[in-house]
């Protein structure tokens, strides 16, 4: 087996070769994650319009409050990892949503410009791995992150919109505008510092999983050859099929599968490190979060009422798709594919959020949920049995293959 060959589905020795479908799904997931993190960040911070309290408490105009903008922090963080244009579109889109739908105050177009500028500046230096744990670029990184808000500071000064009757009667307009600009700059500094600290922690955690540099790789190859006294050893070549390689984060808590079954996982590129996640579980979590996000927008923001009868029938039939897809694989009738795992996992997560609404329509829905768990338990039992039978058969075939024909036993 050559150094470029591998029996694994995700060959660690080759660059990631993603299909058009996979690339589209990745961009869609990046869009959903960015939109949802920004939305929940603003909700948790209880900040719809960062400077909206000026209208409610104009006497506090000079108190110089510090606001922790979780939504903005999420955009700065994701701009280091995701596609720049996806984060830009999601950030400005959700900012516009908050300004139009949520905020009772005048639309702050300059705030949308602020989001766009800081996302672009933050994405100019994407995360590569190792640059934060060393700490030798901290001044340059801080300077680049702060450059965006300093660039748009004149726009904030002249472009911030508010009703003059609330504040101009108390303080000069020039003083108010200068104060607002300083609030943006100072608050942004604390966001940049927090973002750098989070990236430092990520960097430190990923450092043991970084790929080897060419010098270390050459040393390892020379050691392997001298150890086994041969150019290529089948024993060492096959290690990559059973052990994670440098540059891979393959943890059972994240994948739930041994590395020989890495076709059940999806790969996220985090800088120069590959992070493996269980395909179906990842999609299920995305479905749960998306359903909660959709419920917040429909029920809380837009005040839309949902017929619980619809939730009951959706909650009844949607889980059939993941059960069938996983069950056929458990019974070794059909092997699930990455697209089927993603779709059915997302459906399962979405349907889980419908349980409270479905029970509101009919309390007997609890028996439907129990029934699904019973079916899952039965399928899981047969899955274990089939796996044991297959392992025994493989062991027997290997024993027969290596058995000495002259041995009567």
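The values are calculated or read from the model by the stated rules, or taken from the named source; none is laboratory data. Source: prediction; values computed, not measured. Virtual Cβ from ideal backbone geometry, glycine too; neighbours counted across all protein chains shown.
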Can you tell me which residue in the range 8-55 is modelled with the highest pLDDT, limited to those that are farther than 30 Å from residue 258 by Cα and either outside the structural domain of residue 161 (by TED's automatic domain parsing) or not in a helix (DSSP H, G or I) (or both)? 46
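Given 275, 294, 254, which one is modelled with pLDDT of 85 or more and in a strand (DSSP E or B)? Walk me through how you get there before you give the answer.
Values: 294 fails: in a strand (DSSP E or B); 254 fails: in a strand (DSSP E or B).
Just one listed residue meets the conditions, 275.
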Checking residue 240 against (1) at pLDDT below 80; (2) surrounded by 11 or more Cβ atoms within 10 Å (Cβ to Cβ); (3) under 28 Å from residue 123 (Cβ atoms), the condition it does not meet: (3)
Taking residue 135, is it modelled with pLDDT under 90 and over 23 Å from the mean Cα position of the chain (by Cα)? yes
Take the residues in the range 67-86 that are in a loop (DSSP other than H, G, I, E, B) and more than 14 Å from residue 120 (Cα to Cα); name whichever of them is nearest to the chain's Cα centre (by Cα). 69
Only one residue in 156, 107, 100, 176 is in a loop (DSSP other than H, G, I, E, B) and more than 30 Å from residue 274 (Cα to Cα), so which one is that? 107
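Can you say whether residue 108 is under 23 Å from residue 40 (Cα atoms), buried (at least 18 other Cβ atoms within 10 Å of the Cβ) and assigned by TED's automatic domain parsing to the domain that holds residue 74, as far as the supplied structure shows? Talk me through it step by step, then tell me what you get.
Working: under 23 Å from residue 40 (Cα atoms): yes; buried (at least 18 other Cβ atoms within 10 Å of the Cβ): yes; assigned by TED's automatic domain parsing to the domain that holds residue 74: yes.
Criteria met by residue 108.
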At pLDDT 85 or above, within 26 Å of residue 387 (Cα to Cα) and not in a loop (DSSP other than H, G, I, E, B), is that true of residue 323? yes
Return yes or no: is residue 273 closer than 21 Å to residue 343 by Cβ and either touching a helix residue (DSSP H, G or I) at 6+ places or on another chain (Cβ under 9 Å) or touching a residue at least 24 places away in the same chain (Cβ under 8 Å) (or both)? no
Out of (1) part of a loop (DSSP other than H, G, I, E, B); (2) modelled with pLDDT of 85 or more, the one residue 169 does not meet is (2)
Would you check if residue 288 is assigned to a strand (DSSP E or B), in contact with a helix residue (DSSP H, G or I) (Cβ under 8 Å, 6 or more places away or on another chain) and not assigned by TED's automatic domain parsing to the domain that holds residue 28? no
Note down all Cβ pairs under 6 Å where the first residue falls in the range 125-146 and is closer than 17 Å to residue 194 by Cα and assigned by TED's automatic domain parsing to the domain that holds residue 192, the second is loosely packed, with under 13 Cβ neighbours inside 10 Å and at pLDDT 85 or above, and they're at least six residues apart or on different chains. 133/204
Which helices (runs of 4 or more DSSP H) sit wholly inside the range 331-409 and have at least 3 residues that are at pLDDT below 85? 355-361, 365-402
